[in-house]
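Presented below is the structure to which this report refers.
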Amino acid sequence: MSFSNINGRPLRVFVTGGAGYIGSHVVKALGEAGCEVLTYDNLSTGNRWAVLSGNLVVGDLADRERMRRALKDFAPDAVMHFAAHIEVAESVRDPLKYYRNNTACALNLLEAIHDQGVGLYIFSSTAAVYGIPSQMPVAEDAPLLPINPYGASKMMSERLLADLALADPSFRYVALRYFNVAGADVQGRIGQAYRNPTHLITRALKTAKGEFDRLQVFGDDYPTPDGTCIRDYIHVEDLAAAHLAALEHLLEGGASDVFNCGYGHGYSVREVVATARKVTGIDFMVEDAPRREGDPPELVADNSRIVARTRWRPRYDDLEFIVQTAWRWEGALPEAQQLKKAQLF
Ligand code: UFG
C-alpha cells in the first residue's frame with residue numbers, strides 16, 4: 001500500500017493521539033507508506049519518542065484555537081482520530097471525564113475539519129460499544145448497548161459521524177471498532193508505555209519483570225469455560241494495517257463504514273496468563289480477585305466485513321507472537337524512558 005503519490009504528491013494525514021500506543025504504530029505505518037504525517041497530541045499519555053514519522057504539535061483537542069491552527073497550517077487530506085481516554089474501570093468512576101474528552105473533544109475536532117472541508121476521516125472506536133452482545137462473534141450490525149461510559153462515549157462519537165456523513169456527502173468516514181489491542185512493533189522500537197498500565201498482557205509481563213508482586217485475575221465466575229473473561233487480542237501492527245486499509249477504502253471512493261478489528265477468536269484471562277508464563281519462562285504470582293466493574297464476559301469479533309470490503313488481512317494472529325513482541329518491548333522500555341528524560345519538552 002503506497003500513499004506517496006496521490007494526485008502528484010504524498011497524502012497528508014493529520015493524526016490526533018499519534019504519540020500514544022496505537023496512534024504511534026499507525027503514524028509509523030503511514031510514514032512507511034509514503035504519507036506526510038502531522039501528529040497532534042497533548043502528551044498526557046503519549047511520548048515524543050514514539051512519533052517515528054513526520055512532525056509533532058503538542059496540543060490539546062480542548063484547545064480549539066491551537067487545534068484549528070494546526071489543521072489549517074497542515075491542510076490534511078485525511079484525519080485519523082486516536083486521542084481518547086481508554087480505561088473501562090476509570091470511565092465507570094469518572095464518566096464525565098470520558099464524555100468530555102472522548103465525545104465533546106471529538107465534536108470539536110469534527111467541527112474544525114468540517115469547516116476546513118477535510119472529507120476523509122478514520123475514527124478509533126471500540127468493541128465496548130456492543131456491551132454484552134447476545135451473539136458471539138459479534139458483527140457490526142449488532143445492537144449498540146454499551147455497559148460502561150467508555151463504550152457509550154465512543155458510541156456517541158460514532159453517531160456524530162454517521163449523522164454528519166448523512167448530511168454532507170463530501171464527508172466519508174470509517175469507524176474501526178477495536179477489540180483487545182496488544183503486542184508491540186515487531187522491530188521493538190515502540191510499544192505500550194502507559195504510566196499506569198491496566199491492560200492484561202502488559203500487567204502480566206510487568207509482573208513477570210517484578211514491577212508488580214502479583215497479577216490479579218478479575219473474576220472467575222463468568223459464564224465462560226474457565227470462568228474468566230474472554231477477549232479477542234489483536235496485534236497492534238495488524239490494527240495499524242487496518243487503518244491504512246480503511247484509508248485506502250475511502251480513497252478508492254468507498255462508502256462510510258464501520259469495521260470490527262479483531263481475529264475472530266478469543267482467549268480467557270487464564271489462557272493469557274499461561275501464555276505469558278510460557279513466553280517469559282517466569283512463573284509469576286497470580287491471585288483471584290473480584291470482578292472488575294464494567295467488564296463483559298466475552299468479546300470476540302466477527303471480522304468478515306473488513307475482510308470483504310477492504311484489502312486488510314491478519315498477519316500476526318498468534319497469541320504467543322503477540323506476547324513475545326510485548327515482552328521484547330518491555331525489555332526495551334527502560335531505554336525509551338531514558339530517552340524521554342533526555343528530550344526537551
Ligand atoms: N484483567 C485481569 N487482570 C488485570 C487486567 C485485566 O484479570 O490485571 C482482565 C480484565 O478484567 C478483562 C481482561 O483481563 O477481563 C482484559 O482486560 P484489559 O484491561 O486488558 O482490556 P479490556 O477488555 O478491559 O479493554 C480493552 C481496551 C478497551 C476496549 C476493550 C474492547 O482497553 O479500550 O478492550 O474489548 F474497549
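The values are calculated or read from the model by the stated rules, or taken from the named source; none is laboratory data. None of these values were measured; they are calculated from a predicted model. Cβ placement follows ideal geometry from the backbone for every residue including glycine, while neighbour counts extend to all protein chains displayed.
For the reader, a short list of remarks on this structure follows.
- Search result, residues across region 202-227 that are within 7 Å of the ligand (Cβ to nearest atom) and touching a residue at least 40 places away in the same chain (Cβ under 8 Å): LEU215, GLN216, VAL217, PHE218, GLY219
- Helices (runs of 4 or more DSSP H) wholly inside region 44-157 containing at least 1 residues that are modelled with pLDDT of 95 or more and among the β-branched types (Val, Ile, Thr): 105-116
- Filtering region 250-292 to residues that are within 16 Å of the ligand (Cβ to nearest atom), assigned to a strand (DSSP E or B) and more than 26 Å from GLN324 (Cβ to Cβ) leaves VAL258, PHE259, ASP288, ALA289.
- Answer residue from region 257-285, given it is of a type outside the set (Lys, Arg) and surrounded by fewer than 18 Cβ atoms within 10 Å (Cβ to Cβ) and is nearest to ARG159 (Cα to Cα) among those: GLY264
- Once region 293-312 is narrowed to residues that are in a loop (DSSP other than H, G, I, E, B) and touching an Asp or Glu at 6+ places or on another chain (Cβ under 9 Å), the residue that is surrounded by the fewest Cβ atoms within 10 Å (Cβ to Cβ) is ARG311.
- Condition check for LYS28: buried (at least 17 other Cβ atoms within 10 Å of the Cβ) and assigned to a helix (DSSP H, G or I): yes
- Single residue of region 128-150 satisfying the filter (within 11 Å of the ligand (Cβ to nearest atom) and crowded, with 24+ Cβ neighbours inside 10 Å) that is farthest from SER304 (Cα to Cα): TYR150
- Residue among ILE22, ILE6 that is touching a residue at least 60 places away in the same chain (Cβ under 8 Å), surrounded by fewer than 19 Cβ atoms within 10 Å (Cβ to Cβ) and among the β-branched types (Val, Ile, Thr): ILE6
- Total residues in region 123-176, condition aromatic (Phe, Trp, Tyr) and over 17 Å from ALA106 (Cβ atoms): 1
- Total residues in region 228-243 satisfying the condition of being within 26 Å of ALA78 (Cβ to Cβ) and either near the ligand (Cβ under 10 Å from one of its atoms) or surrounded by 24 or more Cβ atoms within 10 Å (Cβ to Cβ) (or both): the figure is 7.
- Restricting region 176-201 to residues that are among the charged types (D, E, K, R) and assigned to a loop (DSSP other than H, G, I, E, B), the residue that is farthest from the ligand (Cβ to nearest atom): ARG189
- Restricting attention to region 179-213, the residues that are surrounded by fewer than 16 Cβ atoms within 10 Å (Cβ to Cβ), of a type outside the set (Lys, Arg) and closer than 20 Å to SER44 by Cα add up to 3.
- Cβ pairs under 8 Å, 6+ apart, first in region 150-178 and within 24 Å of TYR233 (Cα to Cα) and among the polar types (S, T, N, Q), second more than 16 Å from the ligand (Cβ to nearest atom) and modelled with pLDDT of 95 or more: SER157/LEU107
- Of all the residues in region 139-149, those that are touching a residue at least 60 places away in the same chain (Cβ under 8 Å) and closer than 27 Å to GLU252 by Cα number 2.
- Residue count for region 89-117 satisfying the condition of being farther than 15 Å from LEU61 by Cβ and buried (at least 21 other Cβ atoms within 10 Å of the Cβ): 1.
- Apart from one condition, ASP168 fits all of (1) farther than 14 Å from TYR130 by Cα; (2) within 14 Å of the ligand (Cβ to nearest atom); (3) not aliphatic (A, V, I, L, M); the exception is (2).
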